[in-house]
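S.K.: This is the structure I want to talk about, given as structure tokens.
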Amino acid sequence: MKLNKLLFSIGFLLSVVAILIFLLVTKYSPTQKKVVKNTAAVMVDYRTRSDNEKISYREAQIRNFYDFPDQFPKTVIDGKTLYLVGYSWSIGGIYNRKNTAYQGLGGVIVFEEVTERKYNLIWESRESMDHAEGDYSHFHDINNDGIPEIVVTDVTGTASTTSIYVYAWRQDTFQLITPAERTIVPNGEVMETKVGGYFKDLDNDQIDEIIDGYRDEDKLLLRERIYKFHKESGLYTFWKETSKPIEPIQPEAY
């Protein structure tokens, strides 16, 4: 009887040890989903990292930022050191955002460096954009007030249509200062820019206007809608429309 009790006790202890070993191995197993630090000398493209780690483009670019912060645009506003992190849209797979209307879209994120190599996410765009990674987004003092804005020059669709978003630093956050409107999409509503084109200072006031042009093939005119920054409102609003003659597009010879 005593021998049976002894054997039972030993078996019970061995079972407990086996369970503890299993839990420890499972917790630290390399197959478990966890943040993997990119130790390569060169930053891996966020889309490749997304595929490798089975995470969204947004999450992959955030991880790239934490591993290689010096590779991202940086500025100082009101004594705050800010970094700009942009990412592009994705189709299917792991979506960038939980909101169904915006789930596949790209965007920009701002991190503040609170101490050396420690960062807080302080702002994120909420508008509809396809591309905001790399050269599509940057800090630039566009209205010449000494405070950099975020400028996103997005290229969308097969026709390479340019869309412009400008965000200004107001009351410790960034606010959209270019015209936008609500657009219906299959999964809800999104905010979408009303302006595209390019920047140029037309009236020599040291502040760039936004020139949004298109070809009117019926009347053979290049029509340009021009948006001007107004210091009173702090917004870009429609200023005027111009037009000039153009030559018809000649059909390609085969």
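S.K.: I'm trying to understand the selection: among the residues of the range 215-254, which are of a type in the set (Lys, Arg), open to solvent by 50 Å² or more (accessible area, probe 1.4 Å) and closer than 20 Å to Glu181 by Cα?
M.R.: Within the range 215-254, Arg225, Lys240 meet the criteria.
S.K.: With free of Cβ contacts under 8 Å to residues at least 40 places away in the same chain, open to solvent by less than 30 Å² (accessible area, probe 1.4 Å), on the phi < 0 side of the Ramachandran plot and not charged (D, E, K, R) as the only criterion, which of Ile164, Ile207, Ile211 stands out?
M.R.: Ile211
S.K.: Any residue at all in the range 144-155 that's in contact with a Pro (Cβ under 6 Å, 6 or more places away or on another chain) and either charged (D, E, K, R) or free of Cβ contacts under 8 Å to residues at least 24 places away in the same chain (or both)?
M.R.: No.
S.K.: On the given criteria, is Arg126 open to solvent by 10 Å² or more (accessible area, probe 1.4 Å) and over 12 Å from the mean Cα position of the chain (by Cα)?
M.R.: The answer is no for Arg126.
S.K.: When only residues in the range 132-153 that are open to solvent by less than 40 Å² (accessible area, probe 1.4 Å) and in a loop (DSSP other than H, G, I, E, B) count, which is modelled with the lowest pLDDT?
M.R.: Once the filter is applied, the top-ranked residue is Asn143.
Matching residues to (1) out of contact with any Asp or Glu (no Cβ under 8 Å at 6 or more places or on another chain); (2) over 30 Å from Asp78 (Cα atoms); (3) basic (Lys, Arg):
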{"residue": "Asp172", "(1), (2), (3)": "no, no, no"}
{"residue": "Gln175", "(1), (2), (3)": "yes, no, no"}
{"residue": "Ala180", "(1), (2), (3)": "no, no, no"}
{"residue": "Gly197", "(1), (2), (3)": "no, yes, no"}
{"residue": "Lys200", "(1), (2), (3)": "no, no, yes"}
{"residue": "Asn204", "(1), (2), (3)": "yes, no, no"}
{"residue": "Ile211", "(1), (2), (3)": "no, yes, no"}
{"residue": "Arg215", "(1), (2), (3)": "yes, yes, yes"}
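S.K.: Something else now. For the range 183-204, indicate whether the set of residues that are within 20 Å of Val110 (Cα to Cα), open to solvent by 30 Å² or more (accessible area, probe 1.4 Å) and at pLDDT 95 or above is non-empty.
M.R.: No: zero hits.
S.K.: Another question, then. Just to be sure before I move on: is Ile55 modelled with pLDDT of 80 or more and part of a loop (DSSP other than H, G, I, E, B) in the structure I sent?
M.R.: yes
S.K.: Tally time: how many residues in the range 29-52 are at pLDDT 70 or above and among the basic types (Lys, Arg)?
M.R.: Here the count works out to 2.
The values are calculated or read from the model by the stated rules, or taken from the named source; none is laboratory data. Note that the coordinates shown come from a computational prediction; the quantities given were computed from them, not determined experimentally. Every residue, glycine as well, gets a Cβ built from its backbone with ideal geometry; the counts of neighbours run over all protein chains shown. Surface areas here come from the heavy atoms of the whole protein model, side chains and all, with no ligands, DNA or RNA. Shrake-Rupley method; radii C 1.70, N 1.55, O 1.52, S 1.80 Å.
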